[in-house]
Structures are given as structure tokens and as C-alpha cells.
Amino acid sequence: MTNPSLLILPGDGIGPEVMAEVRKIIDWFGARRGITFDVSEDLVGGCAYDKHGTPLHDDTMARAQEVDAVLLGAVGGPKYDSLDFSVKPERGLLRLRKEMDLFSNLRPAQCFDALADFSSLKKDVVAGLDIMIVRELTSGVYFGEPRGIFEEGNERVGINTQRYTESEIDRVARSAFDLAMKRGKKLCSMEKANVMESGILWREVVTEVGKDYPEVELSHMYADAGAMQLTRWPKQFDVIVTDNLFGDLLSDLAAMLTGSLGMLPSASLGAPMDNGRPKALYEPVHGSAPDIAGQGKANPCACILSFAMALRYSFDLGDEATRLEQAVNAVLGDGVRTADLLNEEGITPATTAEMGDAVLAA
Ligand code: NAI
Ligand code: MG
């Protein structure tokens, strides 16, 4: 059997710093658990532009299509702000998402015990929270035509179009039901079928797909009510599936229930490959954090937890993923904190490497 393959793209700013901690964990898996990944590393974003004049080289793109999973750090930075739109660092990331056709974006909101006090909500509302938002990522109002700013009579009109085909809804719904089967077998679909035809179709197609998953308890909610319920009592949910626009808002809202940007992982999944596993890109939610880059201050947990998601969703190593998440939880429980997790003055924050080493030790 061949080793599972992983393409690592550290990118810019704090990307390489947080990825270095993941590399330690990957090495640990090889040395201590006999799980060896076939790892290749390459450039994406501004650093790729510096070397090749493009934020994503064709060879890197081709490699991303072959591997079992891609793990990305972050792209961008002030140095590249004046670049032409076509070669901006973000274009490298967008090209990966588009050409790998990653239509299903998984954003967990998970509350680590030691950070329950860190939330803006009451402790009992968030303690033990573990939900997953599945956002449709490649269609909807961010892509629909017609779009643009047009002249109409004596004024301008700005137009975007919410557009979903049945097959687009079907595939993201299946990915959410598959996920629900691996988790609590409970799925809530959110749209606004009360005022949007695309929402009516969304609800119909999700209901239809649900017939193939009789074990999953399916419910529907209007997305605005969903926003209220997410802040009132988020633990009522397990998996939520929603469109691109509502998912953008709801996943940011849900993520912040539990604390810092430095703790938030994500996965973007596509269609199954020949080996039955979905094409996959894992990355922290945060960006390249130029304000702290190069200072050893970045929290590596978001990137480490993104790797944990890869273990679970690309490599069928769910138990190892849970072990890694528990290690992060234990380290936080011991009081280890990078600067982003500290409200109080007078405590010396852990460095990126100290946090990574603590997770490794745990
Ligand atoms: P950002 O996420 O890079 O930073 C926002 C704030 O959170 C900063 O104060 C930063 O220091 C802090 N922060 C972020 N990650 C952290 C971590 N792991 N540990 C501790 N603190 C952390 O977002 P911002 O400032 O809006 O964008 C900076 C650059 O990153 C821009 O060039 C932007 O285009 C790019 N970006 C890239 C993304 C990606 O690669 N997926 C996503 C978002 C932004
Ligand atoms: Mg957003």
C-alpha cells in the first residue's frame, strides 16, 4: 500500500511559522505511530509570485490535483497589495479552490473547555459546543449572472444573482449528510424559502437527498432564525448546511462563539477521487497576519486543527484526529496560551514553537 500523500503550501506571513509546528506533528506520526505521509512542499501566494511571477505555478496546481490532501497556511501581505489583480496572492488560493472544484466548505465551531470563559457568550451556552457548518462554496450569489453595476434611467443599479442548480444543491447536501452520518446524525438545512425561490428549490432538493439518509434526522430553518438560534442555544445543532452567502455569515458567527481566529480550522471538499476520498484542501481560517509575522507570536492551533481535520476526512484516521484535538485541549487546560488567547496583562505568552511543542508533548 502506498503512503497517504499530502501537499503542504505554507504560503506567506505567519503561514510558514504555523506550518512548521504541523511538520513536527507529521514527523511524530511517522516516528511514533508508524503513519508515514508522503509529503511534498511548494509555494503559493506572494512567495510563489516572487519566484515564478504567478501566485500558483501550473506544476503546483497539477500536484494539488494528484495528492490525497492539500494543507495550506495563509497567503497575502502588504508587500503584494499593489500587484495587479490577476497575480494577487489570493488568486493562487482561488485557483486551487476553483480547479479542484471544492464545493463543500466545512467550518467547525468547537469550544475547548479551557476557552469557555473566553467566549463572548455565557459559559454554559458554549461549554462542550461542537458543531459543523457546511457552506456551499462555488455557486450562489457570489457567482450568479447577471452581475455588475449598470445604468438604468438616470441612476446606477448594482446587481447580483442568486442562482443554484439542482445538481449543485444535491452534491453539497450529500456531503453534509455524509458528514452527519460520521457525527451526530442530525442535519439542519438553512435558507430563506419564505422569500427566495432558490431557497424553495434548496429545501426541496435537500429533502429529496434526505431520503437516501433515513438515519439522519433532517430539519429546516430560515437562515435569519438560524442566526438567532446559533447565538441563543448553539448546542441544539450538530451539522448545518447552507448556501454560499448565508454560510459565509453563519460560519463566521458560529466560529466566534468559541474564541480566537488563531483556533479556527477549515476544510474544503470536492467530488470523490478514484480512491473514493474527496478532493480536499485544509487551511486555517485566519490570514497571513502581517502585524505579527516573523515574531514567533502566531497561534499554530488553527493550522494543527486543520491537519486534524485532514486526518479525519481524508485519511480515515478519525481516532488519531480526536487524539490530536484532545492534545490541544489538554495544553489549553494546562494554561498554555499564545498572545491571541490572553485577555490579562502580566502573563508571558507562549511562542508559536512553545505551543507546538506543548501539543506534541501532550
Ligand atoms: P488575518 O487573519 O491575517 O489577521 C487578523 C488579526 O488576527 C490580526 O491582528 C492577526 O494578528 C490576528 N491573527 C490571525 N491569525 C492569528 C494566529 N494564528 N495567531 C494569532 N493571531 C492571529 O486577517 P487580515 O489582517 O485581514 O489580513 C492579512 C492578510 O492576510 C491580507 O493580505 C489578507 O488578504 C490575507 N488573508 C488571507 C487569507 C487566507 O490565506 N486564507 C484569509 C484572510 C486574509
Ligand atoms: Mg467571511
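The values are calculated or read from the model by the stated rules, or taken from the named source; none is laboratory data. What you see is a predicted model, and the numbers here were worked out from it, not measured in a lab. Cβ: placed from backbone, ideal geometry, glycine included. Neighbour counts: every protein chain shown.
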Just give me the residues in region 65-93 being more than 10 Å from ligand 1 (Cβ to nearest atom) and surrounded by fewer than 23 Cβ atoms within 10 Å (Cβ to Cβ), in sequence order.
-> 65, 66, 67, 68, 82, 83, 84, 85, 86, 87, 91
Can you tell me which residue within region 250-295, out of those that are in the same structural domain as residue 336 (by TED's automatic domain parsing) and acidic (Asp, Glu), is farthest from residue 351 (Cα to Cα)?
-> 274
In this structure, is residue 238 within 16 Å of ligand 1 (Cβ to nearest atom) and either of a type outside the set (A, V, I, L, M) or touching a strand residue (DSSP E or B) at 6+ places or on another chain (Cβ under 6 Å) (or both)?
-> no
Select from region 330-357 the residues that are surrounded by fewer than 18 Cβ atoms within 10 Å (Cβ to Cβ), under 15 Å from residue 303 (Cβ atoms) and hydrophobic (A, V, I, L, M, F, W, C) and list them in ascending order.
-> 353
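Condition (residue is of a type in the set (Val, Ile, Thr) and under 21 Å from the mean Cα position of the chain (by Cα)) applied to region 119-128: is it met by at least one residue?
yes
Could you pull out the residue among 32, 63, 91 that is under 25 Å from residue 4 (Cα atoms), of a type in the set (Lys, Arg) and under 23 Å from the mean Cα position of the chain (by Cα)? Break it down stepwise before answering.
Details: 32 fails: under 23 Å from the mean Cα position of the chain (by Cα); 91 fails: under 25 Å from residue 4 (Cα atoms).
One residue alone meets the criteria, 63.
Can you find, within region 251-284, the residue that is nearest to ligand 1 (Cβ to nearest atom) among those that are among the acidic types (Asp, Glu) and within 13 Å of the chain's Cα centre (by Cα)? I'd like the intermediate steps shown before the answer.
Taking region 251-284 first, the residues among the acidic types (Asp, Glu) are 252, 274, 283.
The next check asks that each one be within 13 Å of the chain's Cα centre (by Cα); those that pass are 252, 283.
Numbers: 252: 12, 283: 6 Å.
Per the criteria, the residue is 283.
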Looking only at region 18-45, which residues are surrounded by 22 or more Cβ atoms within 10 Å (Cβ to Cβ) and out of contact with any strand residue (DSSP E or B) (no Cβ under 8 Å at 6 or more places or on another chain)?
-> 21
Enumeration of residues in region 176-219 that are of a type outside the set (A, V, I, L, M), under 18 Å from residue 136 (Cβ atoms) and at pLDDT below 95 = 178
Within region 285-302, residues hydrophobic (A, V, I, L, M, F, W, C), at pLDDT 95 or above and more than 6 Å from ligand 1 (Cβ to nearest atom) come out as 293, 301
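A quick yes/no check of all residues on (1) aliphatic (A, V, I, L, M); (2) in contact (Cβ under 8 Å) with a residue 24 or more places away in the chain; (3) farther than 24 Å from residue 278 by Cα:
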residue	(1), (2), (3)
22	yes, yes, no
25	yes, yes, no
37	no, yes, no
46	no, yes, yes
71	yes, yes, no
97	no, yes, no
Of the conditions (1) within 30 Å of residue 240 (Cα to Cα); (2) more than 16 Å from ligand 2 (Cβ to nearest atom); (3) surrounded by 23 or more Cβ atoms within 10 Å (Cβ to Cβ); (4) not charged (D, E, K, R), residue 105 clears all except one; give me its number.
-> (2)
Selection from region 75-122 of residues in contact with a strand residue (DSSP E or B) (Cβ under 8 Å, 6 or more places away or on another chain) and among the aromatic types (Phe, Trp, Tyr) yields 103
Is one or more of the residues making up region 204-219 surrounded by 14 or more Cβ atoms within 10 Å (Cβ to Cβ), more than 20 Å from residue 105 (Cα to Cα) and not aliphatic (A, V, I, L, M)?
-> yes
Index of the failed condition, residue 248 passing every other in (1) closer than 28 Å to residue 22 by Cβ; (2) more than 15 Å from the chain's Cα centre (by Cα); (3) acidic (Asp, Glu) | (2)
